[in-house]
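In what follows, a single structure is set out as structure tokens and then discussed.
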Amino acid sequence: VIVGSFGGGHGSAGAALPMSRSIVRQSKFRHVFGQAGKAEQCYDDIRVSKVTWDSSFCAVNPKFLAVIVEASGGGAFLVLPLSKVGRLDKNHPLVIGHSGPVLDIDWCPHNDNILASCSEDCTAMVWQIPDHTPTRPMSEPIVVLEGHSKRVGIVSWHPTARNILLSAGSDNLIIIWNVGTGEPLIIMEDHPDLIYNVSWNRNGSLFCTTCKDRRLRVCDPRKREVVAERLAPHEGIRPMRAIFTREGNIFTTGFTRMSQRELGLWDPTNFEEPIAVLELDTSNGVLLPYYDPDTNMVYLCGKGDSSIRYFEITDEPPYVHYVSTFSSKEPQRGMGFMPKRGVDVSKCEIARLYKLHERKCEPIMMTVPRKSDLFQDDLYPDTAGPDPAIEPEDWLEGRDEDPILVSLRDGYTPPKSRELKVAKKNVLDSRATPQRSLSSCDGTNLPPQLLEKLLEEIQNLKATVLSQEKRICDLENKLSKYTNGTV
């Protein structure tokens, strides 16, 4: 086991290396530097939520930026096209379906227009975000997932299976849903206390959790059991975080008994001793880890911190190598992490984070300095693409598939919006979602065929409304150009 304390400068932080070895570690990521976006690249006048919950409050993909915002009379979040930088229009429509504060949001990895949210109102919801900016606030999700008895604090999409979503609530339940049918597939009751975070492994066969009972657990959802656990990977009582790495190890952040922040690397097949442990500093903020499996880099962002530390994980001692720190003056309220297919390969950008301030969101680009303008194969191995590798039924039966990879050689162009089809299997059960209440709206049960026809007609009408809204926007833009004398 490697035990060390945090060191500044480039190179590794940890135990001193033997004299016979090279003092400077060889790595193409040793000189990665962070650069904040210019003023015109930021998103201004965003009233970031003040709710006390240790989630990132921000989610981003190659099309959209989503931020949980302050809202009266319920919960709301803001969705902006990435290109809509600058000052936010105070009348910009929000997504307002939740009746309590929104606690977490997560973009679907297989459809850039699908977003999941969860809230203190005990529900999770799935939203279809149109490519054009709607003219009115969005209040109708495509599916409502009701199954928790207390607030829902975590939503996380399966990395490779279509339409599989995990939710975790303060009722200590983990529920795995098929959002294509709105049904719970798996309910796990293995946690005796509040769940701090959940992380899937690369192919979605397992997930790891951290919990208020100070245990790190590895769960097999299809066996509905905990397959490995470790008591107190960090001895402090403050919240921990854990994420799976590409190789199947688990990277954790937590606190020592003396309230120093600490990180660790663990082999879940042998939880007796850590692979590496590294003490960082004394601070109250929980360290949120953001991991890039393509480069094996992890970026640590503490709420209330004004810096982002980043490390490289390798198979050579000390295993977790400190690379550098990006520092700024303003503390961060939250952070979003762009999937690799959204970075700018022409500028050798290997990661992009979106830092939430009190009233704005600022992009931070992590770049490898290179002189050549050519595509850098060594920086950009094929990365997880937007296509699911497996159907929900096959995954539930025990099959696993790694992500379907795509090349970034010619950059990545997001596909056009694809509608998520929600086919209710038990459409006559009026309990689960607003759509189902059609069966009893006039006091009688409709035949299933007629009900399906009505639902299909409603979907068609909604699609028509969306297309007409886009047309209205286009015409209004033309009209404004005429009145301003630009045409």
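The values are calculated or read from the model by the stated rules, or taken from the named source; none is laboratory data. Source: prediction; values computed, not measured. A quick note on method: Cβ atoms are made from the backbone with ideal geometry, for glycine too, and the neighbour counts reach across all protein chains shown. Ligands, DNA and RNA are excluded from the accessible area calculation, which covers all protein heavy atoms including side chains. Shrake-Rupley method; radii C 1.70, N 1.55, O 1.52, S 1.80 Å.
Just a few scattered comments:
- Simple label model, 7 Å out from Cα along Cβ direction - ASP281 to LYS478, nm: 5.6
- Surface share of carbon and sulfur [accessible, 1.4 angstrom probe, percent] for the chain: 50
- Heavy-atom accessible area for LYS462, with the other protein chains in place and a 1.4 Å probe, reaches approximately 90 Å².
- Local charge for ALA389 was computed over the other residues whose Cβ lies under 13 Å away, with Lys and Arg +1 and Asp and Glu -1, and equals -3.
- Formal net charge of residues neighbouring ASP400 (Cβ-Cβ distance under 12 Å; K, R +1; D, E -1): -2
- Exposed GluC sites (Glu not before Pro) absent: longest stretch of the chain, with sites in DSSP loops and at most 15 other Cβ within 10 Å deemed exposed: 71-188
- Per residue accessible area of the chain, 1.4 Å probe, in Å²: 46
- Angle between the chain longest axis and helix 448-483 axis [Cα atoms, degrees, rounded to 10]: 80
- Using a probe of 1.4 Å, the accessible surface attributed to TYR196 totals some 40 Å² when neighbouring protein chains are kept in position.
- Solvent-accessible area of LYS28 with every protein chain in place, 1.4 Å probe, in Å² to the nearest 10: 90
- Rounded FRET efficiency, nearest 0.05, which uses the C-beta distance separating ASP315 from SER407 and R0 of 25 Å: 0.50
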